[in-house]
1. May I ask you to rank Glu160, Glu32, Glu60 by accessible area, largest first, using a 1.4 Å probe over the protein chains only?
2. So how far, in whole Å, is the C-alpha centre of segment 34-58 from the one of segment 97-144?
3. Which pairs break 19 Å Cα to Cα here: Lys46/Lys161; Lys41/Lys74; Lys46/Lys127; Lys41/Lys171; Lys8/Lys46; Lys74/Lys157?
4. Determine the equivalent ellipsoid of segment 117-183 by diagonalising the alpha-carbon gyration tensor, then write out the semi-axes as square roots of 5 times the eigenvalues, largest first, rounded to whole Å.
5. How much accessible surface area, in Å² rounded to 10, belongs to the heavy atoms of Thr23 with a 1.4 Å probe?
6. Using alpha carbons only, what's the Rg to Rh ratio of the chain with Rh from Kirkwood?
7. Heavy atoms only, 1.4 Å probe, whole protein assembly: order Val48, Val10 by accessible area, highest first.
8. Give me the 1.4 Å probe accessible area per residue for segment 1-59, excluding ligands and nucleic acids, in Å².
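The values are calculated or read from the model by the stated rules, or taken from the named source; none is laboratory data. Keep in mind it's a predicted model, so treat the numbers as computed, not measured. Don't worry about glycine lacking a Cβ; one is built from the backbone with ideal geometry, like all the others, and counts go over all protein chains shown. The area values use the complete protein model at the heavy-atom level, side chains included, leaving out ligands, DNA and RNA. Shrake-Rupley method; radii C 1.70, N 1.55, O 1.52, S 1.80 Å.
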Amino acid sequence: IWRNKSDKGVCLRFGYANGDSSTPHTAFLGDEVVHLMGGGKTGAGKSVMLNTAEASLLLEYAPWELSIVLCDFKKVEASLFASPVRTPHIDVVAATGSSEYTRSVFAWLEEELHNREALCNAFNVNKHADLVRELGMRYPQLILIVDEFTQLFENIKTSEKLGNDHAAEDKADVNASISALAR
């Protein structure tokens with residue numbers, strides 16, 4: 001069933017544009033476009049859109065093509081993937097309100113990006129397709145999907161109100177991680 005390769009990027013499929021089945025709504029993440037952000041009012045279907053994109057990734061790309069990290073700070077949607085039966089594409093599920101766990105996930109992501117950068121430098125390449133060619137083997141694209149992003153900061157604010165001595169440090173670390181990952 002896995003009919004696509006991730007060498008040159010990954011196609012996210014969100015469903016149909018305006019409900020028209022003849023017009024698929026897609027976005028391509030590759031060397032040119034590496035970030036994507038969606039927004040909308042409460043009840044607009046953002047989580048449904050993410051679930052559709054996640055399902056399409058799992059069905060379209062083999063586990064050795066993608067390394068997916070799911071974060072959901074309201075602990076609703078991503079928790080579906082936090083089960084004893086592992087989904088092979090998904091390496092981390094952070095369906096949590098814990099600032100400490102969130103910090104550890106972001107630290108892991110930063111370390112993974114540094115490792116990938118070092119690997120690219122060792123082979124003197126800067127594109128994923130070139131790295132795959134040089135390695136002579138598949139190397140998964142890393143995809144971070146975050147649902148309920150603003151809830152992350154609400155969780156930290158609540159932690160601060162409850163007297164968590166580390167809340168300010170959590171906030172600073174999370175902000176630094178987000179900045180590093182976005183770059």
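1. If we order Glu160, Glu32, Glu60 from most to least accessible, we get Glu32, Glu160, Glu60.
2. Spelled out, the Cα-based centre of one part sits 23 Å from the other.
3. Lys46/Lys161; Lys46/Lys127; Lys41/Lys171; Lys8/Lys46
4. 37, 13, 8
5. Accessible surface of Thr23 is approximately 60 Å².
6. Details: Rg = 17.4 Å, Rh = 17.8 Å.
So for the chain, dividing Rg by the Kirkwood Rh gives 0.98.
7. Values: Val48 100, Val10 5 Å².
If we order Val48, Val10 from most to least accessible, we get Val48, Val10.
8. On the way: 4140 Å² over 59 residues.
So segment 1-59 comes to 70 Å² accessible per residue, rounded to a whole number.
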